1. When you check Ala201 against the structure, is it in contact with a strand residue (DSSP E or B) (Cβ under 6 Å, 6 or more places away or on another chain), assigned to a helix (DSSP H, G or I) and either modelled with pLDDT under 90 or among the hydrophobic types (A, V, I, L, M, F, W, C) (or both), yes or no?
2. Hey, which of the helices (runs of 4 or more DSSP H) in the range 260-353, taking only ones fully inside, have at least 1 residues that are closer than 20 Å to Leu226 by Cα and of a type in the set (Val, Ile, Thr)?
3. Which ones in the range 264-298 are farther than 19 Å from Ile240 by Cα, among the aliphatic types (A, V, I, L, M) and touching a residue at least 12 places away in the same chain (Cβ under 8 Å)?
4. What is the residue count in the range 88-101 for residues that are within 17 Å of the chain's Cα centre (by Cα) and outside any helix (DSSP H, G or I)?
5. Quick one: count up the residues across the range 147-164 that are modelled with pLDDT under 95 and either polar (S, T, N, Q) or surrounded by fewer than 22 Cβ atoms within 10 Å (Cβ to Cβ) (or both).
6. Quickly run through the range 294-306 and pick out the residues that are surrounded by fewer than 16 Cβ atoms within 10 Å (Cβ to Cβ) and in contact with a helix residue (DSSP H, G or I) (Cβ under 6 Å, 6 or more places away or on another chain).
7. Determine whether the range 89-105 contains at least one residue that is surrounded by 22 or more Cβ atoms within 10 Å (Cβ to Cβ) and within 21 Å of Ser158 (Cβ to Cβ).
8. Just a yes or no: is a residue in the range 153-160 on the phi > 0 side of the Ramachandran plot and part of a loop (DSSP other than H, G, I, E, B)?
Amino acid sequence: MSSLSLSSFRGVVSGSFVFNSVTIDNNSEETHTFGVEQLQHLFKEQQRFLDYFFKNLNYEQVQAFTQLCLDTKGVIFFSGVGKSGFVAQKIAQTLVSTGTKAVFLSPTDALHGDIGIMGPKDILVLFSKSGATEELNRLAPCARARGAYLVGVSSLKSTNFRELCDMHVYLPLERELCPFDLAPVTSTAIQMLFGDTVAIALMQAKNLTREQYALNHPAGRIGKRLIFRVQDVMKKGEEIPLCREHDSIMDQLVELSIKGCGCLIVVDSYQRLLGTFTDGDLRRTLKSDREGIFHRTVGEACNRLPRSITANAMAVEAMQKMEAAPSPVTFLPVVDFKNVVIGLVTLHGLVSAGL
């Protein structure tokens, strides 16, 4: 039976953090609690290390890097190994989503052919805590031979990047939160902070609009709300439950039911909107007239002042109009400039579209 004693594992972070004395037995199923105060201490320590980063960051270096990215006519390639590689990949994705041409380049794949995509107008950004990562040091001269501009981003001032790269950005790191000062948790956090903040700076410098941002996210809810128009989600043609005002209510029950919209759109002979007749109108008429409903027309019981919307309006506007006072509705007739009904948008259709 082997065991690991942690009783002397004290004061490893900041000199004041103390683990409870615990003996972990490999063959034991015993679990140990980790207190709220201990967690709070860890988060405060991480905050302190991040504060060190912010206080010591050379913003002139960051500005120079940001301007370089803004001025480039090519693609910004990001590369890294291990945890730094994951961060580099995420930053590249953030840049792309905010309007900057960026790609993650695996250093291993690059050395086996993928570097062929790189040209003299491009930038290669190398992420490494130490700047001594072997794969990146091998990649740098190959990228330089292709004419790319090299930027090294590390948390060591004395690094190979200073000689290998055209620009070096130093990310100040007091230490890792890891009690051994080994696991890259604080260093990757500041890498992410650096990259994502630069991405937003570029986004602002390019005056990216809300609509342009939405075009980069067409599958997301934000994108759909800013891109989809009523014409993209409305029912058309035979899907629209149309009727005339002189039609008998009883004769239109099948149309009201099979179209599944919960309404009838009342139009004249030119298909201009006159009103709407809903399931609710049917129930109210049946309650008030009873057998008399057999002799009532749709026009006698319909709403003569219905809400409507145009096909070119934003789909989210249709949803807002449905939800507006004095009482919400679940559909809107879609009309053209002559008030002719050309479609029907339903709340169910908007929700199904992801809005």
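1. In short, no.
2. In the range 260-353, 315-323, 347-352 are the helices (runs of 4 or more DSSP H) which contain 1 or more residues that are closer than 20 Å to Leu226 by Cα and of a type in the set (Val, Ile, Thr).
3. Matches in the range 264-298: Ile293 only.
4. Total satisfying the criteria: 3.
5. 8
6. Across the range 294-306, the qualifying residue is only Phe294.
7. The answer is no; no qualifying residue exists.
8. no
The values are calculated or read from the model by the stated rules, or taken from the named source; none is laboratory data. Predicted model only: the values in this text are computed from it and were never measured. Heads up, the Cβs are rebuilt from the backbone with ideal geometry, glycines too, and the neighbour counts pull from every protein chain shown.
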